[in-house]
Amino acid sequence: MTTERVQITEEKLLSDNWYVLKRFTFNYLGKNGKWTTQQREAYDRGNGATILLYNPQADTVILTRQFRLPTFVNGNSDGGPSSGMLIETCAGLLDNDDPETAIRRETEEETGYRIQSVQKVMEAYMSPGSVTEKLFFYIAEYTADTERNAGGGIDEEEIDILELPFQQALAMMKSGEIMDGKTIMLLQHLYLRQLTQFPN
């Protein structure tokens, strides 16, 4: 992979135990016109998608809660039953599907809701300093009549499903009870969309 400013000269596999960690050696052309040789590590876990389910009649949202080890080792550990638990929007890897197909699958597996119409909000690199993943953001409406099964995830996943008033979710974001980046982005998107539709 080469461009006018970047020439990758070596690609070394460091680990493929879970996903793929590689070290890249590359030449980089700076703004001063000089080439430098640099090294960076990149973690490739594939691209993913996330979705916020919203009921406009009830003004509620569907979120999930599950254990996330990286948050546990980085301070999300109060010693109680909520240690390492993170409240999030439904999300998952694409696994060779297109983003819309993947997020419909993940929504049903995690939340149980079988949705048909989804609206794409944006695409974003969530941790571009070290992770290759690009995340596709969606929003979809649900109602009390939306077809649903048990949800809760598959295999070793243990996912709690939370239906919360939208204003409560916003308050939890401000209080720090919701700390997941993708979730904050989608909650803020919905909040701004409501402001635009119903200005004071």
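Each reported figure results from applying straightforward, stated rules to the coordinates on display, with no laboratory input. The model shown is predicted, which means the values in this text are computed figures rather than measured ones. Glycine gets a Cβ as well: all are built from the backbone with ideal geometry, and neighbour counts include every protein chain shown.
When shorter helices are ignored and each DSSP H run of at least 4 residues is given -39500 (n - 2.57), the per-residue value for the chain at 222 nm works out to -7000 deg cm²/dmol. In the chain, excluding the sites themselves, the longest stretch lacking any of the GluC sites (Glu not before Pro) that are in a DSSP loop with at most 12 other Cβ atoms within 10 Å is 5-146. Free of any trypsin sites (Lys or Arg not before Pro) that DSSP assigns to a loop and that have at most 10 other C-beta atoms within 10 Å, the longest stretch within the chain is 35-200. Residue 128 sits among other residues whose Cβ lies under 15 Å from its own Cβ, and their net charge, with Lys and Arg +1 and Asp and Glu -1, is 0. Summing +1 for each Lys or Arg and -1 for each Asp or Glu among the other residues whose beta-carbon sits under 13 angstrom from that of residue 20 gives -1. Here's the picture: charge each Lys and Arg Cβ at +1 and each Asp and Glu Cβ at -1 in the chain, and of 187, 166, 149 the one pushed furthest to the positive end of that dipole is 187. In a shell of Cβ-Cβ distance under 11 Å around residue 150, excluding residue 150 itself, what net charge do Lys and Arg (+1) and Asp and Glu (-1) give? Spelling it out: positives minus negatives among the neighbours equals -2.
I need the shape label for segment 48-197. Rule: rounded when a/c is under 1.5, else prolate if a/b > b/c, else oblate, with a, b, c from the alpha carbon gyration tensor. In terms of gyration-tensor shape, rounded.
When 125, 113 are sorted by how many other C-beta atoms sit within 10 angstrom of their C-beta, beginning with the fewest, the order is 125, 113.
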